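Below: one structure, written as structure tokens.
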Amino acid sequence: MGGKKDGDGDEAYGKPVKYDPSFRGPIKNRGCTDIICCLLFFVFILGYIVVGIVAWVYGDPQQVLYPRNSTGAYCGIGMNKDKPYLLYFNIFNCILTTNVVTVSVNGLQCPTPQVCVSSCPKDPWTVQVNQLSLTVGEVFYTANRNFCLPGVPWDMSVRESLNQELCPSFLLPSTPALGRCFPWPNSSLPELPEISNVSISQGISGLLDSLNARDISVKIFEDFAHSWYWILAAVGQMMSTMFYPLVTFVLLLICIAYWAMTALYLATSGQPQYVLWAPNVSTPGCEIVTMNASCDPMQEQPVNSCPGLKCVFQSYLSTGLVQRSIFNLQIYGVLGLFWTLNWVLALGQCVLAGAFASFYWAFHKPRDIPTFPLSAAFIRTIRYHTGSLAFGSLILTIVQIVRVILEYIDHKLREAQNPVTRCIMCCFKCCLWCLEKFIKFLNRNAYIMIAIYGKNFCVSAKNAFMLLMRNIIRVVILDKVTDLLLLFGKLLVVGGVGVLSFFFFTGRIQGLGKNFENPQLNYYWLPIMTSIVGAYVIASGFFSVFGMCVDTLFLCFLEDLERNDGSLDRPYYMSKSLLKILGKKNQAPPKDKKRKK
């Protein structure tokens, strides 16, 4: 009954760590681990850089940043430098053809003439019947309505320009958003046959009312302009305590920015393709024209009897090796995103574990603690264990990619699923979620062992798992207590910042003086929510360091209990307060005991 130490299950989960008088914490003399995975990671990164170069060479992100007119020219640059906004002649046609197949075939182009303009229309206007016989110059140019397509003659009749869709038949008061002129939600609709459908007009109004782009965007900008100083005040005083999480954040930001730019350039690679287009192909004279045939917008089109025939931008060509491989390159980029992000997080965990382990295994604290434990741990991790971090992060990346694919399939087949299929899909998603959580837990403890002993990932993961299983009761208790403390800590920080922000930005705190007067805001909830989100991000970064500290010290503590027994020859490394909590003691105080060399 009491003859065996540490329980009877030691054989199943390995034997306890033996006493080693030469052990002094993180091993100094170590070698490179998981070299094959390290080489694979570097080759993958080189390929990721090549993908970025290819995207940079062949990509054209201007089509996303700048809108195009009907001829494919960009608004806001080049010859249209003074015309940054895009005006749709009849924006209601964009709603009439919001079919996924049609939009895809047309290359996301709205089937209405589009022109670059210097400013959006401010007042409503409609061509009157008595103006149809007048010239374009009299109706448009002299009235400062410069909304016709470029090159429309001054002496052309208004009727002819409307038939060929060279000039708009009506204008709506608009506001620029995303480089395009969007009508105001409260503007009255003109009485024209092409927009007489009441349901469509109601749909337009409802869409614009829900967006309310003009009012909300302007007011939100004003609120940020008045409250930015107070939002950044949850950050400036905490920079010194947030040093390493800030490094991790910068590295994560670089990885995300590189992937976003690469994906954007890849999505916009290829040469622009122009085709013949007419507003109504059934009009007499259009039957002899081959619609959607390739054309050159820079060349003058032959004279024909098809009204409104023009050469418009359709899409980017998918021919060529790069264009045919865009999907595969994008998949490569997504894999690179997940792998690099997980590697950066693994680097932070291993570095912090090395620093905290140096603290625990210092027998005389703080005399035996290294001078720069964080820097030493960082250099040691980068030099010897890049491959091990790449190995652990690759395993986690594969599981995450599978989860993303499963979520995508579930989203695509959601409407066609029956209850049984949904149940099966939910079980798969739940299993993958649990697997990801377990791998994160295992990786975290493996990185701690790597930081201490310098062994490869598999051996470190096995040793950490065995050590935890030999102390499973302590693990469960500490894990739950730690999670609860971290949750309470985050809630305390975020809740305190949220309550303080609410009382400040709503003007309920009086007597703070002139320099602390709350700004006048349109939406007081905006700076409040921003402060809360910022506080959560900062708290998460800070408490992640605390959580890594707890996990590292806990593993060191478990090994301390197995290595030592508190005797004169094998005193514990743990602090006096922890010894007191556990009801243990060293037979000789640490400050008086000389360790064996």
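The values are calculated or read from the model by the stated rules, or taken from the named source; none is laboratory data. Quantities reported herein were computed from a predicted structural model and do not represent experimental measurements. All Cβ positions, glycine included, derive from the backbone under ideal geometry; neighbour counts span all protein chains shown. Heavy atoms of the whole protein, side chains included, go into the accessibility calculation; ligands, DNA and RNA do not. Shrake-Rupley method; radii C 1.70, N 1.55, O 1.52, S 1.80 Å.
Annotations
- Taking amide H as placed 1.01 Å from N in the peptide plane, the amide H of Thr175 sits under 5 Å from that of Phe182, Trp184, each at least 5 places away or on another chain.
- With all protein chains in place and a 1.4 Å probe, the accessible surface of the stretch 358-434 carries 71 percent carbon and sulfur.
- Too-long pairs where the Cα-Cα distance tops 23 Å, listed order kept, from Lys15/Lys455; Lys15/Lys576; Lys412/Lys440; Lys437/Lys490; Lys15/Lys437: Lys15/Lys576; Lys412/Lys440; Lys15/Lys437
- Per-residue SASA entry for Asp483, accessible area with 1.4 Å probe, Å² rounded to 10: 80 Å²
- In order through the stretch 129-146: 3J(HN,Hα) via Karplus (6.51 cos²θ - 1.76 cosθ + 1.60), integer Hz, x for Gly, Pro: 4, 6, 9, 5, 8, 7, 8, 4, x, 6, 8, 9, 5, 5, 8, 6, 9, 8
- In this label model, Phe243 and Thr290 are separated by 7.1 nm, measuring between points 7 Å along each Cα→Cβ vector.
- The 3J(HN,Hα) values that the Karplus relation (6.51, -1.76, 1.60; θ = phi - 60°) gives for the stretch 159-174 are, in residue order, 4, 5, 5, 6, 4, 8, 6, 8, 9, x, 8, 7, 10, 10, x, 10 Hz. Gly and Pro appear as x.
- Per-residue HN-Hα couplings for the stretch 147-154 [Karplus 6.51, -1.76, 1.60; θ = phi - 60°; Hz; x = Gly/Pro]: 10, 7, 5, x, x, 5, x, 5
- The residues of the stretch 30-91 expose on average 54 square angstrom of accessible surface per residue, using a 1.4 Å probe on protein heavy atoms.
- Solvent-accessible surface of the stretch 321-416, averaged per residue with a 1.4 angstrom probe and all protein chains in place: 50 square angstrom.
- Accessible area of Ile405 in the full protein assembly, 1.4 Å probe (Å², nearest 10): 90 Å²
- Peptides 499-505, 472-478 ranked from most to least packed give 499-505, 472-478, packing being the mean of other C-beta atoms within 10 angstrom over each peptide's residues.
- The stretch 347-406: relative contact order as a whole-number percent, Cα under 8 Å and 6+ apart: 34 percent
- Dividing the mean sequence gap of close Cα pairs (under 8 Å, 6+ apart) by how many residues the stretch 420-498 holds gives a relative contact order of 18 percent.
- For the peptides 42-54, 547-559, residues were scored by their other Cβ atoms within 10 Å and the scores averaged per peptide; the highest-first order is 547-559, 42-54.
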